[in-house]
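Read through the structure below, which is laid out as structure tokens, and then see the notes.
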């Protein structure tokens, strides 16, 4: 005679995921999970709660977990420019020790064209230790535009290959003889993807 093994309770975030998959998801469970001790559960709850208009992502920019803060940064990038109190947390994220948080903050600045981030994003593009951060900052500068952004993007063509690839594509957002000359130089880059992007830009002109 065999006995079925006792069923273990499923992880809360698994229940939460199922609850959020339907428009009639359990809103009480989502709200409860926003204060969970589990950062992954809070991250998922925040994503669902914002879609359901239960909370604003700005309120989670100061969460104790970088995982949740990164989620909040990605979510606010789809809306309006954040308030001044919330901006202090975005500014802190641009100087965070977690590269993925910096990357998410650059994404927010670029998508929202929030001019308050121009100086810090320029610093990230020029001198951050992490390639992902420099790549994200180059993209954000192209979205912000301006002569100062153009010069930093051109300078990024001397960076590592992955940054150069971002930079040459970002040059499509700018005009002028300096840009034309930079694209021509990129056509002879050692990295084939950078060369291909430069060739495409030249053909489009």
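Bear in mind these aren't lab numbers, they're just calculated from the coordinates by the rules spelled out. Since we're looking at a predicted model, the values are computed, not measured. Note that each Cβ is placed from the backbone with ideal geometry, even for glycine, and that neighbours are counted across all protein chains shown.
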> What is the distance, in nm, between label points placed 7 Å from the Cα along the Cα-to-Cβ direction at residue 37 and at residue 92?
Replying inline: 2.3
>> Can you sort 175, 199 from fewest to most other Cβ atoms within 10 Å of each residue's own Cβ?
In response: 175, 199
> Mind checking which of 66, 92, 181 has the largest fluctuation in a GNM of the chain, springs on alpha carbons under 10 Å?
Replying inline: 181
>> Just checking my list (1) 22.1, 68; (2) 15.7, 47; (3) 21.3, 84 against Rg and Dmax of the Cα atoms in Å computed from this structure; which label fits?
In response: (3)
>> If I build a Gaussian network model for the chain, linking alpha-carbon pairs within less than 10 angstrom, which residue out of 43, 143, 32 has the largest mean-square fluctuation?
In response: 32
>> Given a 10 angstrom Cα cut-off, can you work out which residue in 103, 115, 58 is the most mobile in a GNM of the chain?
In response: 115
> Can you give the angle from 0 to 90° between the axis of helix 39-51 and the longest principal axis of the chain, with both taken from C-alpha atoms, to the nearest 10?
Replying inline: 80
> With r defined as the distance between the Cβ atoms of residue 180 and residue 80 and R0 fixed at 35 Å, what FRET efficiency is calculated, to the nearest 0.05?
Replying inline: 0.50
>> Sequence gap at least 6, Cα distance under 8 Å: using those rules, report the relative contact order of the chain to the nearest whole percent.
In response: 10
